[in-house]
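Undergrad: Have a look at this one before I ask anything.
The values are calculated or read from the model by the stated rules, or taken from the named source; none is laboratory data. All values reported here derive from a predicted model rather than from experimental measurement. Note that each Cβ is placed from the backbone with ideal geometry, even for glycine, and that neighbours are counted across all protein chains shown. Heavy atoms of the whole protein, side chains included, go into the accessibility calculation; ligands, DNA and RNA do not. Shrake-Rupley method; radii C 1.70, N 1.55, O 1.52, S 1.80 Å.
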Number of protein chains: 2
Amino acid sequence: MNKAVAFAPATVANIGVGFDILGLALDNPGDTISAEFSDTPGVTVAGIEGDGGKLPRDPNKNTACVAGLSVLRAAGSTQGVALTIQKGLPAASGLGSSAASAVGAAVAVNALLGEPLTRDQLLAPSLDGEAIASGYHADNVAPCLFGGITLSYGIEAHQIERLPIPRGLSLALVTPHVEVATAMARAVLPKEIPLKSMVKQTGSVARLIRAIYTDDLESMAAAMEADVVVEPARAHLMPGLFEARRAAKAAGALALVISGAGPTLCAVCASHETALQVVSALEMVYAELGLGCTARAASVSEQGSSVQVSEGA
Amino acid sequence: MNKAVAFAPATVANIGVGFDILGLALDNPGDTISAEFSDTPGVTVAGIEGDGGKLPRDPNKNTACVAGLSVLRAAGSTQGVALTIQKGLPAASGLGSSAASAVGAAVAVNALLGEPLTRDQLLAPSLDGEAIASGYHADNVAPCLFGGITLSYGIEAHQIERLPIPRGLSLALVTPHVEVATAMARAVLPKEIPLKSMVKQTGSVARLIRAIYTDDLESMAAAMEADVVVEPARAHLMPGLFEARRAAKAAGALALVISGAGPTLCAVCASHETALQVVSALEMVYAELGLGCTARAASVSEQGSSVQVSEGA
């Protein structure tokens, strides 16, 4: 093997009420990461496209390089690898950009080495990469790596569980062209919350998991939106949140929540057709607010990250 | 109709990590409540057996009478009803004693009137009765009324959902002979909790609901026990908690949690045979501690409260 290419999808963490524990993988957009052997030891950056020059080229500060190096170490390899990163998704947008780069690099480097590690064994290296951007959290990394809707009640592979994807679930996503740094979005969260809020939050999370297992999209959507802790603290950082929610629902969406740390918003719809109508409605909202945005319809990806190309010598 | 008798089962609220939202109905023990027409208006107490004289005979302070009166009002009846209450379960033991009396009275009075109210419509009257003992909480009332394992994310009937009963689930219960007042057990809870604890708690609740839907008793048990908020605050009020947990597990239990506000402890087992062995082990624990106790094996009751006798004139 002398080249391997992996696709790592955007992810929606939290999906509303599931702060730091739930996430889902999208079928688009995503990062594409190519790994090739190199004479330079460790994992280095051969090139980055599509980031507007914002991502660090220093391997110690680049999530993809850190994840790739962690794979090399776990596999006991002393070879050098160079990565070419095509960013398909914007940084600091709430779509799991750092997780996608980390997971994509882990999958690509593992493929280049001939798959010495299992998918489960790629979790820790992926988290190592993600950690330099936002600490050890699996809520984006897990769905990006494993696909589908994931529950992470810890950061070990056995603490991550796949949930079924309710029939018909379609999403409409809008990313207004403002950046919300994850660190800032974390800083506004309360350090402590009332016990009563915990009761409400656990009740809504329980309702959400039940709704997922019973294929009840309306209940799922209502439960996602019933977040009494995180959204209230972050809402002021999300331009157009309430206008977008109103417009999305008027266009047929069942709910709208903040994707990860925002500012991307994620609307839950019962069909792809509705999702397309909601996309148009969301574009109108930001046009009226005089703010640029990128909006798209998406489905949940069963697959997560995948090896696209493995080229032999 | 001139007499109706209802059986209302004991219930285990919280089942560990699901504080104030989860509960389950047991097939034994329970309260048996008889309702007969009376010339005295409203709902009065004809007799109470098995309470050691502790329950109030004043209709305004008796959960059964308050629930029964609420049924009369909801049904638009002006008849008088007298209740005979046979307490099968001890008060202040964490087995939903006040809820059983309230629900049993609601079901019995409704049967006496010829079933004017649906099961869903009996929720509000049952909660009215429970409320005078411990406020408006559905975590005991819901399983007592509807049976099975229930999720209550509110106190309206549409906010209460039945969860499946995992195959093989058997319980061992032990009630040490000390009283823990619900008010006291609530007073020791923290008013605020760290956000990090909420993340752990929501993660464990999500895992618990998933385990219930996937028939995974081991994961269910582990999730139930992963309570980082309520058990740590209440453990000191529960004599023998840690000894009981150790002994129960040595005898084959998968987990042991506080039932409701305690002091009853509830061990989760994968078979009735194991539950019987755990019962013996738990009796040994309290014998060694020099404390009397009542221990029993039980299953989850599908049915909840039921009308046992309806005698026509």
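Undergrad: Which value at 222 nm does chain A reach when only helices count, each DSSP H run of 4 or more adding -39,500 (n - 2.57), with the total divided by all residues and rounded to the nearest 500 deg cm²/dmol?
TA: Values: 10 runs with 112 residues, N = 313.
Taken over chain A, the calculation gives -11000 deg cm²/dmol.
Undergrad: Please name whichever of B:Leu208, B:Gly50, B:Ala35 sits farthest to the positive end of the charge dipole of the protein assembly as shown, dipole taken about the Cα centre and charges placed at Cβ: Lys and Arg +1, Asp and Glu -1.
TA: Of B:Leu208, B:Gly50, B:Ala35, it is B:Gly50.
Undergrad: Lysines near A:Lys3 by alpha-carbon distance under 28 Å, same-chain residues fewer than 8 away left out - which ones?
TA: Within the straight-line limit of under 28 Å, A:Lys3 reaches these lysines: A:Lys54, A:Lys61, A:Lys87.
Undergrad: Something else about it: Which percent, nearest 5, of DSSP beta bridges in region A:3-163 are antiparallel? Before the final figure, lay out the partial values.
TA: Numbers: 24 of 30 bridges.
The answer is about 80 percent antiparallel.
Undergrad: Continuing with the same structure: Taking the label point 7 Å from Cα in the Cβ direction, how far apart in nm is B:Gln303 from each other copy of itself, listed shortest first?
TA: Going from nearest to farthest copy, the values are 5.3 nm.
Undergrad: Using 7 Å Cα-to-Cβ label points, what is the A:Met1/A:Glu192 separation (nm, one decimal)?
TA: Calculated label separation equals 5.1 nm.
Undergrad: Set the Förster radius R0 to 51 Å, insert the Cβ-Cβ distance between B:Ser271 and A:His236 as r into 1/(1 + (r/R0)^6), and round the FRET efficiency to 0.05. Write down the numbers at each step before the final one.
TA: Values: r = 54 Å, r/R0 = 1.05.
It comes out at approximately 0.40.
Undergrad: Please get the size of the charge dipole for the protein assembly as shown, origin at its Cα centre, with Cβ charges of +1 on Lys and Arg and -1 on Asp and Glu, quoted in debye to the nearest 20. It would help to have the intermediate numbers written out before the result.
TA: Numbers: 40 positive and 58 negative charges, 149 e Å.
Rounded to the nearest 20 debye, it is 720 debye.
Undergrad: How far is helix B:272-288 tilted off the main Cα axis of chain B, in degrees rounded to 10, range 0 to 90?
TA: 80 degrees
Undergrad: Right, something else. Which whole number of Å³ per residue matches the convex hull of the alpha-carbon atoms in region A:3-163?
TA: Numbers: hull volume 14.7 nm³, N = 161.
Expressed per residue, the convex hull around the Cα atoms of region A:3-163 is 91 Å³.
Undergrad: Check cross-link reach from B:Lys196 to the lysines: straight Cα distance under 17 Å, and skip same-chain residues fewer than eight apart.
TA: A:Lys191, A:Lys196, A:Lys200
Undergrad: Estimate for me the total accessible surface buried between chains A and B (protein heavy atoms, probe 1.4 Å, no ligands or nucleic acids), in Å² to the nearest 100. Don't skip to the answer; put the middle values down first.
TA: Working: alone 12720 and 12730 Å², together 22740 Å².
Counting protein atoms only, the buried area is about 2700 Å².
Undergrad: Once label points are set 7 Å from the Cα along Cα→Cβ at both B:Arg162 and A:Ser299, what is their separation, rounded to one decimal in nm?
TA: That separation, rounded to one decimal, is 3.4 nm.
Undergrad: Dipole of chain B, Cα-centred, from +1 at each Lys and Arg C-beta and -1 at each Asp and Glu C-beta, to the nearest 20 debye?
TA: Details: 20 positive and 29 negative charges, 106 e Å.
Computed charge dipole of chain B: roughly 500 debye.
Undergrad: So what does log10 I(q)/I(0) come out to for region B:170-298 at q = 0.11, 0.13, 0.14 Å⁻¹, using the Debye formula with one equal point on every Cα and no solvent?
TA: With one equal scatterer per Cα and no solvent, log10 I(q)/I(0) is -0.39, -0.54, -0.62.
Undergrad: What share of the DSSP beta bridges in chain B is antiparallel, in percent to the nearest 5? If you can, show how the numbers build up before the last one.
TA: Values: 45 of 51 bridges.
Counting only bridges with both partners in chain B, antiparallel ones make up about 90 percent.
Undergrad: Follow-up question, since we're still on this one. In peptide B:183-195, what is the residue-averaged number of other protein chain Cβ atoms found within 10 Å of each Cβ? All intermediate terms of the calculation are to be shown ahead of the outcome.
TA: Details: counts 0, 0, 0, 1, 0, 0, 1, 4, 4, 9, 6, 4, 13.
Mean number of neighbouring Cβ atoms from other chains: 3.
Undergrad: Now, a different point. Work out Dmax and Rg for the protein assembly as shown from the C-alpha atoms and quote the Rg first, both in angstrom.
TA: 27.9, 98
Undergrad: Please report, in cubic angstrom per residue, the volume enclosed by the convex hull of the alpha-carbon atoms of region A:204-246.
TA: 66 Å³
Undergrad: Calculate the length of the line joining the C-alpha centroid of region B:117-168 to that of region A:90-167, in whole Å.
TA: 39 Å
Undergrad: Treating only the Cβ atoms of Lys and Arg (+1) and Asp and Glu (-1) as charged, compute the dipole magnitude of region A:178-281 about its Cα centre; round to the nearest 20 debye.
TA: Numbers: 10 positive and 10 negative charges, 72 e Å.
It comes to approximately 340 debye.
Undergrad: Continuing with this model, one more query. Would you kindly work out, in nm and rounded to one decimal, the distances from the label point of A:Asp27 to those of the same position in each other copy, ordered shortest first, with label points 7 Å along Cα-to-Cβ?
TA: 4.7
Undergrad: Along region A:26-41, what does the Karplus equation 6.51 cos²θ - 1.76 cosθ + 1.60 (θ = phi - 60°) give for ³J(HN,Hα), rounded to whole Hz, x for Gly and Pro?
TA: Whole-Hz 3J(HN,Hα) from phi for region A:26-41: 9, 7, 7, x, x, 9, 10, 10, 9, 10, 9, 5, 9, 7, 7, x.
Undergrad: Quick one: which of A:62-75, A:30-43, B:256-269 comes out on top by average Cβ neighbours within 10 Å, and what's the full order, highest first? Provide the component values of the computation, followed by the final result.
TA: Details: A:62-75: 25.1, A:30-43: 20.1, B:256-269: 27.6.
By packing density, highest mean first, the sequence is B:256-269, A:62-75, A:30-43.
Undergrad: Calculated FRET efficiency, A:Lys61 and B:Leu289, Cβ-Cβ r, R0 56 Å, to nearest 0.05? Intermediate results must be reported in sequence, preceding the final value.
TA: Values: r = 58 Å, r/R0 = 1.03.
So the FRET efficiency works out to roughly 0.45.
Undergrad: While we're here: Remind me, relative contact order of chain B in percent, using alpha carbon pairs under 8 angstrom and six or more residues apart? Working shown, then result.
TA: Values: 798 pairs, mean separation 81.0, N = 313.
Relative CO of chain B lands at 26 percent.
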